[in-house]
């Protein structure tokens, strides 16, 4: 998939799906289905328009890009969203971007999509334009409830990886550069690859998880490791099962499958090590049984 900044996009006949697409969940995928071009915004518009109201994002751009590529899209066109762009009217968005720059012949949006200065543009405005065909996708439901980024953020924060996966259509993922930790895991026989979470992104609630790290089965601790009272911030600590590799300064992508238990403090190290061994066995079992749905 080609990734293009809006100023560099060439005009050609396109079927354009438009949205912020944070999470690229099942509702977003319904909007994107059949489109050859996805038009999105980076950063999230609220980071510019109303920073204090910006939600925790479900995924960084790198993961969003890869998920969209996996849907068979030909080109991802990225609008560098800034103060100047925020003042574009809805009419300017349609005429200057969709028609003149992108050459849109079909446009797909979700039924609640808003655009343009003061969010005055909506699906009805797009439908009123004769220059292109507009496809408005109704909200998607899972288990009788609308799929939304808000719902998924709550599921992730609660550690409900199964619920989040059902809404996302794939496991929830985090990505980051591996940093050196305090080596406690290595001393206990469980060396971990550690990621400092990005404050702008939602992360799973504290606990132990079965996951895949760069495609390999893993046991992951999200939290502050209370047994050692280190006073440190939250880390995502990943133990790759039956695999040794120097990952320092490399990018690690972790796909969470299931929460195994909550994080808790142990009074004795032996009890902690015994539990860690059990966690690894549980994670290995969950990963072996995982079918992707």
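Computed quantities for the displayed model
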{"quantity": "Residues located in the range 167-182, provided they are surrounded by 17 or more Cβ atoms within 10 Å (Cβ to Cβ) and not in a loop (DSSP other than H, G, I, E, B)", "calculated": "167, 168, 172, 173, 174, 175, 176"}
{"quantity": "Odd one out for residue 74, checked against (1) touching a residue at least 24 places away in the same chain (Cβ under 8 Å); (2) under 18 Å from the mean Cα position of the chain (by Cα)", "calculated": "(2)"}
{"quantity": "Candidate set from the range 94-112 (those that are assigned to a helix (DSSP H, G or I) and touching a helix residue (DSSP H, G or I) at 6+ places or on another chain (Cβ under 9 Å)); member that is farthest from residue 74 (Cα to Cα)", "calculated": "94"}
{"quantity": "Residue match in the range 77-94 (condition: surrounded by fewer than 21 Cβ atoms within 10 Å (Cβ to Cβ), under 20 Å from the mean Cα position of the chain (by Cα) and closer than 30 Å to residue 162 by Cα)", "calculated": "no"}
{"quantity": "Index of the failed condition, residue 51 passing every other in (1) at pLDDT below 95; (2) surrounded by 15 or more Cβ atoms within 10 Å (Cβ to Cβ)", "calculated": "(2)"}
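Table: residues versus (1) over 19 Å from residue 10 (Cα atoms); (2) assigned to a loop (DSSP other than H, G, I, E, B).
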| residue | (1), (2) |
| --- | --- |
| 39 | no, no |
| 46 | yes, no |
| 55 | yes, yes |
| 62 | yes, no |
| 65 | yes, no |
| 73 | no, yes |
| 78 | no, no |
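The values are calculated or read from the model by the stated rules, or taken from the named source; none is laboratory data. Predicted model only: the values in this text are computed from it and were never measured. Every residue, glycine as well, gets a Cβ built from its backbone with ideal geometry; the counts of neighbours run over all protein chains shown.
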